[in-house]
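Asks: Structure in structure tokens, see below.
The values are calculated or read from the model by the stated rules, or taken from the named source; none is laboratory data. All values derive from a computational prediction rather than experimental measurement. Note that each Cβ is placed from the backbone with ideal geometry, even for glycine, and that neighbours are counted across all protein chains shown. Heads up: the accessible areas ignore ligands, DNA and RNA and are worked out on the full protein's heavy atoms, side chains in. Shrake-Rupley method; radii C 1.70, N 1.55, O 1.52, S 1.80 Å.
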Amino acid sequence: MNRTRFFVAAAAIRMLYSVAICADPVSIVYEGDDYPENVGWQRFTQYGGAERALRDGVLTLDSMRSREIADYYRQPWLRDPQPGELFVAEFRLRVNEEDLFAENGIVIARAEGYGYLEILVGFDNLVILPTFTVIPIAPRAFHTLSLYSVDMDRYDFFVDGALMHSGRFENETLNSGFCSFGDAVVGAASQTEWDCARFLIVPEPSSMVGLLILWLLVGRKMSARRSVVALCAFALASNVALAHPVSIVYEGDDFPENVGWDRHTQYGGSERSLIDGALTLNSTTNPDVVDYYQQPWLNDPSSGAVFVVEVRTRVTQGDFFPKSSFGVARAESPGWVEVAIGYDSLIVLPFWAEIPLAPASWHTVALRSPDMLSFDLFVDGAFVHHGMFETETLNQGFCWFGDSFARVLSHTEWDYARFLIVPEPFSLAGMLVLGLLAWRRANARRAVTAWCALALASNAALADPVSIVYEGDDYPENVGWQRFTQYGGAERALRDGVLTLDSMSSRDIADYYQQPWLRDPESGELFVAEFRVRVQTEDLFPDNGIIIARGEHFGYVELLVGYDQLIVLPHFAILPLAPATWHGFTLRSSDMVDFDLFVDGALAHSGTFETETLNRGFCGFGDGVVNASSYTEWDYARFRIIPEPASFAGFAITGLLFMLTNTRALLERRRHTHVHLSNISIM
């Protein structure tokens with residue numbers, strides 16, 4: 001089970017006197033939320049098509065009963081990339097069984113001339129057509145495959161983030177532009193799981209007047225057991241480019257030793273299991289066992305790059321000292337740092353800085369360093385510690401994670417561990433570029449989403465970032481949210497990282513969650529609220545949604561999501577929705593006065609905050625309306641302040657923010673103030 005749907009949206013920003021931006025971006029995606037023909041794809045079948053199933057955001061195509069079966073999905077491809085743009089195709093899949101040869105894959109036929117490229121993925125290899133280039137892959141494993149081209153002639157092809165092949169499109173056949181994925185080959189059979197398929201045109205890196213800005217966004221939404229890696233980076237200035245990016249990752253799709261990690265054990269190692277994309281290490285029966293995983297670390301960051309390590313883990317049973325840890329030993333000189341993670345605290349070694357943690361909870365721990373000398377440590381997005389590497393021992397570079405310490409007990413779950421070198425913010429001629437690298441890989445069924453933004457110019461720096469999120473890892477009140485209920489609250493359940501609120505037993509039920517909102521965005525910043533929700537059943541009208549009351553002035557905006565519509569309050573703008581379907585909503589505002597609302601990535605409404613009531617800042621999500629009822633699933637809810645694109649000295653920067661995810665939900669309702677709208681009481 002892949003616990004991270006690994007989503008890549010490669011993005012970039014051109015900065016020059018005459019700013020060149022992607023005027024007409026293209027995004028044709030399949031994310032496993034429904035059968036493809038229900039979300040805009042045309043289905044083509046032979047012999048009735050494959051046996052199909054949808055589970056945890058993964059589409060299964062099983063054609064093992066006959067080699068004559070075909071079952072694939074297509075959309076028109078209407079234009080190719082222009083100068084300054086980049087074509088990106090990404091898909092993630094696993095072939096569990098195969099009869100004869102590879103038959104699942106993608107095709108892209110160019111829009112503006114003859115030519116195509118096809119990639120077929122098999123049980124243990126993939127084939128690039130029409131050149132019949134064969135690349136071996138690990139069998140029965142999820143693989144993320146990415147293809148990049150600036151001109152639909154030459155391309156680079158990556159497998160799980162590593163460059164595997166460079167080639168050229170065929171340029172004589174298939175003159176009708178389209179993109180497709182699925183089981184498109186007869187004469188063979190397979191059982192294949194599709195996590196995602198994406199065909200994009202995004203801005204590409206570009207240079208002018210010696211100034212280069214590169215913004216690379218890599219995220220990925222994954223259903224069930226995954227999450228979201230969002231990798232953001234820039235290289236700035238004519239001589240600042242990341243020559244040797246590094247990405248050493250473990251994503252919970254298999255045991256680490258099966259995906260490139262060296263396993264080191266003592267006394268046979270921990271008891272292990274893989275559940276929902278999380279690796280469990282259980283040493284509670286023998287404190288002397290050791291079980292950790294290691295890879296070489298060959299490069300330290302050079303000028304213009306930053307080292308980042310991020311892990312997501314939960315210790316459900318601990319001892320007097322942490323047993324699990326992650327760390328890195330520098331590649332180019334002696335030195336190391338290690339973070340030991342326990343049941344209710346973490347310890348930064350070798351200097352023994354101790355930081356408390358919420359016990360038995362999932363935590364995302366990130367360490368960033370531009371020089372492998374000093375570092376900043378973050379827990380769940382909040383800065384907690386600044387420290388230094390030890391610089392005298394361990395002169396052979398390697399990175400590791402797992403049960404590293406003997407003589408203590410633990411029961412630990414590892415969602416992922418990532419060791420990266422990415423471009424860092426760089427300043428030139430008095431100008432500052434701030435890059436925000438935000439990952440979130442939430443467990444089961446989400447996406448990851450990935451938030452990226454740029455702040456440019458001397459005054460455009462995010463001094464006090466804000467991130468108030470709910471990701472479905474636990475009930476909201478257990479992870480910092482205040483719960484408000486009426487009539488006992490909704491019947492609730494947590495499954496696969498999704499919170500279900502069922503108030504169908506009474507219209508008088510309310511059950512919503514709230515946190516303070518203490519400040520609004522300043523110049524050069526952007527407020528973003530994002531939530532993902534599905535309303536399965538509804539009685540009367542929408543009663544689930546989000547609310548944001550401004551931190552520094554009167555005013556609010558509220559979004560209520562129903563079975564087949566969304567209502568924007570207080571202005572009662574009504575937007576139709578596909579019924580009983582997962583929808584992702586994003587609201588953005590630079591001033592908490594005007595806002596843009598996006599539904600499933602498309603701009604759906606522009607409006608203004610109400611500016612006369614609710615003078616105490618808070619944000620919230622959930623079932624905040626009485627006199628109605630519903631059965632609603634919340635994937636995630638996020639309220640953030642991030643850097644926004646900014647201009648300085650005649651330069652313009654347009655940033656590509658985004659994401660994909662399938663995750664959790666946001667909604668809040670307005671505290672104790674009731675606004676009566678006919679027979680609706682909205683709190």
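Asks: Karplus couplings for the stretch 573-584 from phi (6.51 cos²θ - 1.76 cosθ + 1.60, θ = phi - 60°), rounded to Hz, Gly and Pro as x?
Replies: Computed from phi, the couplings for the stretch 573-584 are 6, 10, 10, x, 10, 5, x, 6, 10, 5, 9, x Hz.
Asks: What residues qualify as long-range amide H neighbours of Glu170, i.e. H under 5 Å apart, gap of 5 or more or another chain, H built at 1.01 Å from N?
Replies: HN-HN under 5 Å from Glu170: Tyr116.
Asks: Karplus couplings for the stretch 411-420 from phi (6.51 cos²θ - 1.76 cosθ + 1.60, θ = phi - 60°), rounded to Hz, Gly and Pro as x?
Replies: Computed from phi, the couplings for the stretch 411-420 are 10, 10, 10, 10, 7, 6, 9, 10, 10, 9 Hz.
Asks: Give me the 1.4 Å probe accessible area per residue for the stretch 511-601, excluding ligands and nucleic acids, in Å².
Replies: Value returned for the stretch 511-601: 33 Å² of accessible area per residue.
Asks: Give the residue list of chymotrypsin sites (Phe, Trp or Tyr not before Pro) in the stretch 343-379 that are DSSP loop and have at most 12 other beta-carbon atoms within 10 angstrom.
Replies: Passing both the DSSP loop test and the Cβ count: Phe351, Trp352.
Asks: Which of the chymotrypsin sites (Phe, Trp or Tyr not before Pro) across the stretch 257-294 are loop residues per DSSP, with 15 or fewer other Cβ within 10 Å?
Replies: Tyr267
Asks: If the viscosity is 1.002 mPa s and the temperature 20 °C, what translational diffusion coefficient in µm²/s does Stokes-Einstein give for the stretch 44-167 when Rh comes from Kirkwood over Cα pairs?
Replies: The estimated diffusion coefficient comes to 137 µm²/s.
Asks: DSSP loop (so not H, G, I, E, B), at most 16 other Cβ within 10 Å: list which chymotrypsin sites (Phe, Trp or Tyr not before Pro) in the stretch 497-597 pass both filters.
Replies: Within the stretch 497-597, the qualifying chymotrypsin sites (Phe, Trp or Tyr not before Pro) (loop, at most 16 other Cβ atoms within 10 Å) are Phe554, Phe572.
Asks: Still on this structure, I have one more. In whole Hz, with x marking every Gly and Pro, tabulate ³J(HN,Hα) for the stretch 308-315 from phi via Karplus 6.51 cos²θ - 1.76 cosθ + 1.60, θ = phi - 60°.
Replies: Each residue of the stretch 308-315 in turn: 9, 10, 9, 10, 10, 8, 9, 9 Hz.
Asks: Using a 1.4 angstrom probe, figure out how much accessible area the stretch 247-291 has per residue, in square angstrom, rounded to the nearest whole.
Replies: Here the per-residue accessible area is 44 Å².
Asks: Something else now. Carbon-plus-sulfur fraction of the accessible area of the stretch 489-598, 1.4 Å probe, in percent?
Replies: Summing carbon and sulfur atoms, their accessible area is 49 percent of the total for the stretch 489-598.
Asks: Rounded to whole Å and sorted largest first, list the principal axis extents of the Cα atoms in the stretch 291-373.
Replies: Between the extreme Cα coordinates on each principal axis of the stretch 291-373 lie 40, 23, 22 Å.
Asks: Right, next: Write down, largest first, the equivalent ellipsoid semi-axes of the stretch 326-416 in whole Å, where each equals the square root of 5 times an eigenvalue of the alpha-carbon gyration tensor.
Replies: Calculated on Cα positions only, the semi-axes equal 22, 16, 11 Å.
Asks: Now a separate question. Hey, what's the per residue convex hull volume over the C-alpha atoms of the stretch 102-189, in cubic angstrom?
Replies: 93 Å³
Asks: Moving on. Pull up all non-local amide H partners of His165: gap of 5 or more, or a different chain, and H-to-H distance under 5 Å with H placed in the peptide plane.
Replies: Amide H neighbours of His165: Phe157.
Asks: Add +1 for every Lys or Arg and -1 for every Asp or Glu among the other residues with Cβ under 11 Å from the Cβ of Asn299, and state the total.
Replies: In short, -1.
Asks: Still on this structure: Could you work out the Rg to Rh ratio of the stretch 251-393, with Rh taken as the Kirkwood radius (inverse of the mean 1/r over all Cα pairs)?
Replies: Rg divided by Rh gives 0.95.
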